[in-house]
Amino acid sequence: MKKLFKAIALLTSFSVLTRALGFLFRILLSRSIGAEGLGAYQIAFSIYMVLETFISSGLPLVISKITSVSIATNNKKKEFSSVTAALIIGLITAILLCSVVLIFRNVFSLLFTDKRCLNILITLLPALVFSSVYSILRGNIWGHKKYFWVSLTEFLEQLIRAVFCVIIFAFFYTACDAVMVATYSMVVACLISSILVFIVYIKIGGKFKNPKGQFKPLLKESIPVTLVKIVSSLLMPIISIIIPIKLVSIGYTNEQALSIFGVAMGMTFPLLYIPSTIIGSLSMTLIPDLSSALGTENYSEIKSKINFSMKFALFVAFIFVPIFFALGTPIGIFLYNNTQSGVFLSYASWLVIPICITGITTSCLNALNLEVKSFRNYLISSFFLFFSIIFLTRSLGILSLVWGMGASLVVAIILNIRLLNKKLGSNFFNYTYLLKLVICSIPSILISKFTYPLLSRIFPLFFSLAFTCVIAEIFFLVLALIFNLYNLSFLNLKNLVPKKPSFNTKLFSKKLKRKKG
């Protein structure tokens, strides 16, 4: 498990750096192009991301699985043939999507209230072609478990965008439209990223072979994953239309409805998904491992890693849940100067648990070639979310979103675990482990509730919040260690001390006899 922890730590570190750089880049954009320009760019970019989902969701995942299995079974020909077939599918799909936008540009213009949006979208189209190459070759590198290169290329893409914008804004800003500069930076970053990934692919021994016989299996496995991504990307826009309408129908004004929805979706839910950064790193390492184990029919390893992943996901979730529940209000005030977002965070804090478990179980199903059934589970669980926001908003208000999402995630977990149990003949959800985590989190919550009011009288908001979080986490980690919910053996501190060479007396006596002889 030590290698797994190292991979998770590497991926999480790069993920945090990439997101931080993306956040700084967004600040740069907002200050350079203004709120109106940023809005136009964001609208066009959201349409672009839906188009990119067709390319960068299903195929890279399938390629990573095929690569890991090919390495385990020493079948390089299938690996290279699959990569070639995926590149052909990806490039054809990208070209078709670009053609659709260009041919039906008048139809797409109806989606936009600002004329600049269509120009931005058309300018972004070459990035679709570059992304098709980038995502598929990155999937192969992922399958080789070269996590450093996978993370580095993703980080460099964000860095290139930021550097390009800084240079243009500094030297050529007066001659260029600021919004289009941001758009060009995206295209240039995608181009350079695809070149870098191509170089890495060749460096690790990648080749291109005859793709015959690989097109049908690739499409069969990738389409369900792609459909899940497309449906999920369209889900939020639909919800953002339904909930404000329902809130207005029960007496809120349009401004109040949009404000409440903005607080929930724009402020609170991003915080709830922070733990998924770590879980996403685990999922990324888990998929190649499970795929290669499945290829060699090593079911004991599969069961062991799924059990570990489920416990790890639960543990990560419970690191955050007590803090969000007990300190939601001061967190909302500190981050957004908004009390309502903090109250909503406390109320919705429990969602972190099913969010983490759903992410892990879905990754496991995809790794075990159960994409179609995973997609079916997703569709079934989504029904509960829509039922809640349509029929319960009248009585619960915006909280219908919390209960609807919670019900949807719990149903998805039940269906996913049932499918895993049936596939592998084992029980992968440890209720005892969950109960122990709940018990350990209660003192952490009580300590936070008691400590923060005292510290807030002495220290400013940031320090009182930080000190309370540290104290609460220490109590939680100590209790979890006492309950044996984790251990420190994976650190293997002995390896940090250089070992002295051992003195072999038998070998020394033999050498001495030879010299005498």
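The values are calculated or read from the model by the stated rules, or taken from the named source; none is laboratory data. The shown structure was predicted, so the numbers you read here are calculated from the model rather than taken from an experiment. For neighbour counting, all protein chains shown are included, and Cβ atoms are generated from backbone atoms with ideal geometry for every residue, glycine included.
The figures follow:
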| quantity | calculated |
| --- | --- |
| Some residue of the stretch 73-80 being modelled with pLDDT of 75 or more, among the hydrophobic types (A, V, I, L, M, F, W, C), over 24 Å from the mean Cα position of the chain (by Cα) and buried (at least 19 other Cβ atoms within 10 Å of the Cβ) | yes |
| The stretch 277-313 - residue that is in contact with a helix residue (DSSP H, G or I) (Cβ under 6 Å, 6 or more places away or on another chain) and of a type in the set (S, T, N, Q) and, of those, surrounded by the fewest Cβ atoms within 10 Å (Cβ to Cβ) | Thr296 |
| Complete set of residues in the stretch 60-94 that are in contact with a helix residue (DSSP H, G or I) (Cβ under 7 Å, 6 or more places away or on another chain) and of a type in the set (Val, Ile, Thr) | Val62, Ile63, Ile66, Thr67, Val69, Ile71, Thr73, Val83, Ile89, Thr93 |
| Number of the exception - Ile204 against (1) within 28 Å of the chain's Cα centre (by Cα); (2) within 20 Å of Phe25 (Cβ to Cβ) | (2) |
| Number of positions in the stretch 343-401 that are aromatic (Phe, Trp, Tyr) and closer than 30 Å to Ala293 by Cβ | 2 |
| Identity of the residue in the stretch 478-495, assigned to a helix (DSSP H, G or I) and either among the acidic types (Asp, Glu) or at pLDDT 50 or above (or both), that ends up surrounded by the most Cβ atoms within 10 Å (Cβ to Cβ) | Ala480 |
| For Val352: the one exception among (1) surrounded by 21 or more Cβ atoms within 10 Å (Cβ to Cβ); (2) at pLDDT below 90; (3) not basic (Lys, Arg) | (2) |
| Residue match in the stretch 127-147 (condition: in contact with a Cys (Cβ under 9 Å, 6 or more places away or on another chain) and either at pLDDT below 85 or not hydrophobic (A, V, I, L, M, F, W, C) (or both)) | yes |
| So Leu401, is it assigned to a helix (DSSP H, G or I), in contact with a helix residue (DSSP H, G or I) (Cβ under 7 Å, 6 or more places away or on another chain) and more than 30 Å from Gly262 (Cα to Cα) | no |
